[in-house]
Amino acid sequence: MNNIKKLRENKKLTLVELSKKVQIPNNTLSQYENEKRKPKLETWQALANFFNVSVEYLQGAYSKEEIAKIVQDCYKRGINNGNPKTVPFLVLTNLFNDTIDNYFISLGLIPYSIKDTDNLLKPDQINNLNFWLENLKPLYNNVAMKWLITKPNLDASNEEVLSAVNGAMSEFINASSTAYTSLNAYNYDYEIEQVVKNHYMQKRFKFLEEHEYWDHEEIDEGRWEEFPVYDFKHPHPLDGKKYYIENGKHFYFDENDKRHYID
């Protein structure tokens, strides 16, 4: 569906008023809006110029502003609905908040040594649409993202948009997680080259590993499951041992299953 009607209504114009401004009969405009008739290319361009948008957006593709708002709203839902990692059936989405957080860590917008693991953006960042619009720009060299803003006939849903964003963000996270010895072997754009050079996510994983402990809970009667927790006040040596926490006490097991407390 094209965006002519939405843009007209956003400007609070009637069909008659728009007709006078663009010199197109109002019954013709109505047929354009309802897609009963297709404008010629020069008419698309004239309407796009009037609304100050791209022809692709006028024809029904997503704008970068719309994508930024979809991602912003997704992050807000993740905060309001709880952490999907601990409440797996509460939130169903194609893009989780930890992926968004890790993307911003990869760009250096969130410190890799931040002492928290969930919803790492500040309230003023979360609520500022311009923050999202500006800092999602590096994603648009991704093929799927390009399609969203250039292909009006995709008719993608919000969840499909989030899936494309997830894939594009994952590129940055993966590049930032691995320190390549030679960038020349990879066809990276400028932004991804920077995250490879900084490899903030690699530093993030090492930082988290120093503070990672394991706890457990009973899933079913007699069946227990371990899960990681992070105690940022108590780093442990990166010596290959698996460290545990129980009742605030930190320990590891030796080869004889004997506990050794490190507090």
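The values are calculated or read from the model by the stated rules, or taken from the named source; none is laboratory data. All values derive from a computational prediction rather than experimental measurement. Quick reminder, even Gly has a Cβ in these numbers, built from the backbone with ideal geometry, and neighbours come from all protein chains shown. Ligands, DNA and RNA are stripped out before the accessible areas are found, and what is left, the full protein with its side chains, is counted by its heavy atoms. Shrake-Rupley method; radii C 1.70, N 1.55, O 1.52, S 1.80 Å.
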| task | Kindly list, by first and then second residue, each pair from a residue in segment 122-151 that is in contact (Cβ under 8 Å) with a residue 40 or more places away in the chain and over 11 Å from V165 (Cα atoms) to a residue that is in a loop (DSSP other than H, G, I, E, B) and among the aliphatic types (A, V, I, L, M), limited to pairs with Cβ atoms under 8 Å and residues at least 6 apart or on different chains. | result | I149/A61; T150/A61; K151/A61
| task | Out of D98, D116, report the one residue that is exposed (fewer than 12 other Cβ atoms within 10 Å of the Cβ) and either aromatic (F, W, Y) or closer than 29 Å to S177 by Cα (or both). | result | D116
| remark: Expected output for segment 59-71 (first residue at positive phi and part of a loop (DSSP other than H, G, I, E, B), partner hydrophobic (A, V, I, L, M, F, W, C) and at pLDDT below 95, Cβ below 6 Å, 6+ apart or cross-chain) is G60/M1
| field | Criterion: modelled with pLDDT of 90 or more, farther than 22 Å from S63 by Cα, over 19 Å from the mean Cα position of the chain (by Cα) and hydroxyl-bearing (S, T, Y) - qualifying residue of Y200, Y213, Y180 | value | Y213
| field | Lone unmet requirement of (1) surrounded by 17 or more Cβ atoms within 10 Å (Cβ to Cβ); (2) at pLDDT below 90 for I173 | value | (2)
| Residue under evaluation S163, criteria (1) more than 19 Å from the chain's Cα centre (by Cα); (2) at pLDDT 95 or above, criterion not met | (1)
| Which numbered condition K122 fails, given (1) surrounded by fewer than 16 Cβ atoms within 10 Å (Cβ to Cβ); (2) more than 14 Å from the chain's Cα centre (by Cα); (3) under 30 Å from N34 (Cα atoms) | (3)
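Let's see how each residue does on (1) under 26 Å from N135 (Cβ atoms); (2) open to solvent by 40 Å² or more (accessible area, probe 1.4 Å); (3) under 32 Å from the mean Cα position of the chain (by Cα):
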| site | (1), (2), (3) |
| --- | --- |
| N10 | yes, yes, yes |
| L18 | no, no, no |
| N26 | no, yes, no |
| Q31 | no, yes, no |
| N34 | no, yes, no |
| W44 | no, no, yes |
| N52 | yes, yes, yes |
| E56 | yes, yes, yes |
| V71 | yes, no, yes |
| request: Search segment 58-69 for residues being open to solvent by 30 Å² or more (accessible area, probe 1.4 Å) and within 18 Å of K137 (Cα to Cα), and hand back the single one that is farthest from the chain's Cα centre (by Cα). | output: Y62
